[in-house]
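Written out below as structure tokens is the structure these notes cover.
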Amino acid sequence: MSDRRRFLQTATALLLSGSFPARAQPRFSSYPFTLGVASGYPSPGGVALWTRPTGEFEAGAIPVRWEIAADEAMRKVVASGTGQASPEWAHSVHAEPTGLEADRWYWYRFTAGDAQSPIGRTRTAPMGGAQPARLRFGVASCQHYEQGYFSAYRHMVADDPDLIAFLGDYIYESHWGRDLVRSHGSPEPYTLEDYRARYALYKSDPDLQAAHAACPWIVTWDDHEVDNDYADDRAEDGMEKVQFLERRAAAYRAYYEHMPLPERMKPRGPDMRIYNTLDWGSLARFYTLDDRQYRSWHACPRPGRRGGSNTVDVEQCGQLSSPGRSMLGRAQERWLDAALGESRAAWNVLAQQTPMAQFDQKPGPGRRAWTDGWDGYPAARQRLFESLVSRKARNPVVLGGDVHSFNVNQLKADFDRPDSPVVASEFVCTSITSQAWAQERLNQYLPDNPHMLLVDSRYRGYARADVTPGRMSVELRAMGDVRKRDSACSTLATFVVENGKPGPVKA
Ligand SMILES: [Fe+2]
């Protein structure tokens, strides 16, 4: 960036901050930056920066200054500004510096009154036409606070990733599980205040804060950010639509208040567009998808219930395969199809929530489906596969979470025909802490699912992906025991996808 542009940017920022002189120096009774700092959605020229001061504040908005620098000591500040942290948005700050250099690391911090935040590290993405030699990213999902410590992030940070993709269940609304190590300390959230408190609790985890401060994140949500197994406007627990949409609005708002999201993603009432693309030069395009907000209601729920079921016999549920049913909603389907068509990337990475491969859970003849995942939306899955093929998306790779196990799958045009071509690769990443089904239960299903190359629910952890023009290598990183604060982590298996050859191969 030229000196002149830098001067103009700083001058604008000073003017902005100068227009609120009366509140220039808020005082805090305690250190306000207890939730850390975060960054997200890097572009070649900018990145979204986030913090949320906490504590006892005077009424009204407080000015929070942000700075981003080219060096770790924050001596070479290249852009700065002052945002108004208002109580309507829980004093969250979403700053968006522009005019940064592409493809390099930066450092940032916030100042409010005499308090200064920790320094976070972030980076910009490469230019659109650039051909980066490599990209490393981490994959995480499903972090039940009561079920373990978030120490997997310590190992992820040690990998020095360029980017972290979070695939849903950042908080849990519900209390469940065995051998809990800590407590939510409050009942299930329903109101905005409840959800804010739940996010603040989760964000107090030091390993999670360190991972946010280490590199930019891209994020999507799953059900537990609102309520288990919800579908669009339909609650699992039978809550009426109007009340549920109020609950969803509170949950989405608290989500925005606590995530490093650009301001354009701000929710409007119960609606918040989170689906998005991110380009890493011509090496990779990420598509963060929203599997929750627009999906059709679950097919064939258990009698007297709503939500997903894992006991649906597909032959006895005609509704399941109805072509009108959608996982993404028609608008997001059309957006994804167009975004795939425009992509020039060597790797097309779908970062979304739930497992996509068919998973027959009935040993022997017949098939039983779990209807909260893509198995509950087979026609929509087929449309997505057709889109990948007709749009000639190069090297499609689907990332998923939600089931708290490592699943490595071939995504096949027709799962019931062994000779059917592989359309894409799928890596379902295990949970940071959330507990899973027993491995023995999964093992009995494996003979009926030959396209599933690995299914392992024994470990919590994360995935580490290294992308080059020629291959993507994915290491499944398994934690020893997340009920201990200092658990070791080791590689369970490594799978490779070679350029032009769809389907993962064990390294
Ligand atoms: Fe989960």
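The values are calculated or read from the model by the stated rules, or taken from the named source; none is laboratory data. Being a predicted model, the structure only gives us computed values, none of them experimental. FYI the Cβ positions are ideal-geometry reconstructions off the backbone, even for glycines, and counts take in every protein chain you see. With ligands, DNA and RNA removed, areas are computed over all heavy atoms of the protein, side chains included. Shrake-Rupley method; radii C 1.70, N 1.55, O 1.52, S 1.80 Å.
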Problem - Unpaired by the 4.7 Å Cβ criterion, cysteines found in the chain - result: CYS142, CYS215, CYS429, CYS489
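To the nearest 20 Debye, how big is the dipole of the chain about its Cα centre, given +1 on the beta carbon of each Lys and Arg and -1 on that of each Asp and Glu?
980
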Handout entry: Total charge dipole magnitude, segment 296-433, about the Cα centre, Cβ charges on Lys, Arg, Asp, Glu only, Debye to nearest 20
Key = 260
Completion exercise
The correct ranking of VAL505, VAL423 by accessible area at 1.4 Å, largest first, is VAL505, VAL423
Handout entry: Projected label distance in nm at ASP416 and ARG136, using a 7 Å step from Cα toward the beta-carbon
Key = 4.5
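Kindly work out what percent of the DSSP beta bridges joining two residues of the chain are antiparallel, to the nearest 5.
On the way: 68 of 89 bridges.
Of the beta bridges lying entirely in the chain, close to 75 percent run antiparallel.
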Exercise for the section: May I ask you to compute the full-extension gain from ARG121 to ALA331, defined as 0.36 nm times their residue separation minus their alpha-carbon distance, rounded to one decimal in nm? Expected result: 72.1 nm
Exercise for the section: For segment 257-372, count the residues as N, evaluate 2.2 N^0.38 Å, and divide the Cα radius of gyration by that value, please. Expected result: 1.29
Exercise for the section: Calculate what fraction, in whole %, of the accessible area of segment 301-448 sits on carbon and sulfur atoms when a 1.4 Å probe is rolled over the protein chains. Expected result: 51
Fill in the blank from the handout: Between the Cα axis of helix 330-342 and the main Cα principal axis of the chain, the angle (0 to 90°, nearest 10) is 80
Practice task
Please calculate the 1.4 Å probe accessible area of VAL389, with all protein chains present, and give it to the nearest 10 Å².
Solution key: 90
Handout entry: Backbone HN-Hα couplings from phi across segment 86-102 [Karplus 6.51/-1.76/1.60, Hz, Gly and Pro as x]
Key = 9, x, 4, 10, 6, 6, 6, 10, 10, 9, 9, x, 10, x, 7, 7, 6
Problem - Rh by Kirkwood over Cα pairs, then Stokes-Einstein D for the chain at 0.692 mPa s and 37 °C, µm²/s - result: 141
Practice task
Just report the Cα centroid separation between segment 225-302 and segment 26-40, whole Å.
Solution key: 27
Exercise for the section: Take segment 308-372, drop everything but the C-alpha atoms, weight them equally and run the Debye formula without solvent; then report log10 I(q)/I(0) at 0.27, 0.28, 0.29 Å⁻¹ to two decimals. Expected result: -1.23, -1.28, -1.33
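At 222 nm, what helix-only mean residue ellipticity would the chain give, in deg cm²/dmol to the nearest 500, using -39500 (n - 2.57) for each DSSP H run of four or more? Write out the running numbers ahead of the final one.
On the way: 8 runs with 93 residues, N = 507.
Estimated from H runs of four or more residues: -5500 deg cm²/dmol.
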Fill in the blank from the handout: Farthest towards the positive end of the dipole of segment 219-267, among ASN228, HIS258, GLN243 and with Cβ unit charges of +1 on Lys and Arg and -1 on Asp and Glu, lies the Cα of HIS258
Problem - Accessible surface ranking that places the most exposed of LEU192, LEU167 first, with a 1.4 angstrom probe - result: LEU192, LEU167
Fill in the blank from the handout: Projected onto the charge dipole of segment 101-204 (unit charges on the beta-carbon of Lys, Arg, Asp and Glu, signs +1, +1, -1, -1), the Cα from LEU167, ALA130, TYR145 with the largest positive-side position is that of ALA130
Practice task
Describe numerically, in nm with one decimal, the distance between label points set 7 Å from Cα along Cα→Cβ at THR191 and at VAL389.
Solution key: 5.3
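For the chain, report the accessible area per residue in Å² (1.4 Å probe, heavy atoms, rounded to an integer).
Values: 19560 Å² over 507 residues.
In whole numbers, the chain has 39 Å² accessible per residue.
Let me check something: with ligands and nucleic acids excluded, how do ASP414, ASP159 order by accessible area (1.4 Å probe), largest to smallest?
The most accessible residue leads, giving ASP414, ASP159.
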Problem - Accessible-area composition of segment 144-250, carbon plus sulfur, in percent [1.4 Å probe] - result: 52
